[in-house]
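Data block below; observations after.
The values are calculated or read from the model by the stated rules, or taken from the named source; none is laboratory data. None of these values were measured; they are calculated from a predicted model. Cβ: placed from backbone, ideal geometry, glycine included. Neighbour counts: every protein chain shown.
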Amino acid sequence: MSEDPLARTELTFLLGMAFQLVLGEFAARLGPTDLRPVHGLAFQALQHGGRTSTELADVLGVTKQAAGQIVDELERKGYVVRVPHPSGGRRKLVELTGRARDHLVVAGHTLRGIEADLAARVGGDLGGLRVDLTRVIRALAGDSPPPLRPIW
């Protein structure tokens, strides 16, 4: 039996392939939607409270213009609203709507289902992989892991 070529593949490519495959499975299970992966990243950034478009741009690692376009699109689709900033002035906070929060519940359930199915397919749980990946992240980022950004 020949050696699996993936065994010689660099870790960076293995992580990227795994992410791409899981994201594809996630999209397939959700079915047709009006959302793109960057929208999910924006939801993650906004789920614990509102942010300004500039703050969202910083978290996502995109330009202010790109963040503004993302917010405009999500607002048109009913996933976010702009509300007055508590400190007053012209600034606005971008906050998730109930529709976005409902999507986060479905997305979380879907991702947990994918993890459970993967665990069954590889013959165990993915707890060890989670621990190892956590160690890699902590080794590279310390106690302040960066947000996942759409830089690909």
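Among the residues making up the stretch 1-35, those that are closer than 23 Å to Arg76 by Cβ and part of a loop (DSSP other than H, G, I, E, B) are Gly31, Pro32, Thr33, Asp34, Leu35.
Among the residues of the stretch 50-73, just one is surrounded by fewer than 20 Cβ atoms within 10 Å (Cβ to Cβ), in contact with a helix residue (DSSP H, G or I) (Cβ under 7 Å, 6 or more places away or on another chain) and touching a residue at least 60 places away in the same chain (Cβ under 8 Å), namely Val59. Filtering the stretch 26-37 to residues that are surrounded by fewer than 18 Cβ atoms within 10 Å (Cβ to Cβ) and of a type outside the set (Gly, Ala, Ser) leaves Phe26, Arg29, Leu30, Pro32, Thr33, Asp34, Arg36, Pro37.
When you look at Val38, is it within 28 Å of Leu133 (Cβ to Cβ) and modelled with pLDDT under 90, yes or no?
Working: within 28 Å of Leu133 (Cβ to Cβ): yes; modelled with pLDDT under 90: yes.
Criteria met by Val38.
Just to be sure before I move on: is Thr110 closer than 30 Å to Leu126 by Cα and surrounded by 13 or more Cβ atoms within 10 Å (Cβ to Cβ) in the structure I sent? The answer is yes for Thr110.
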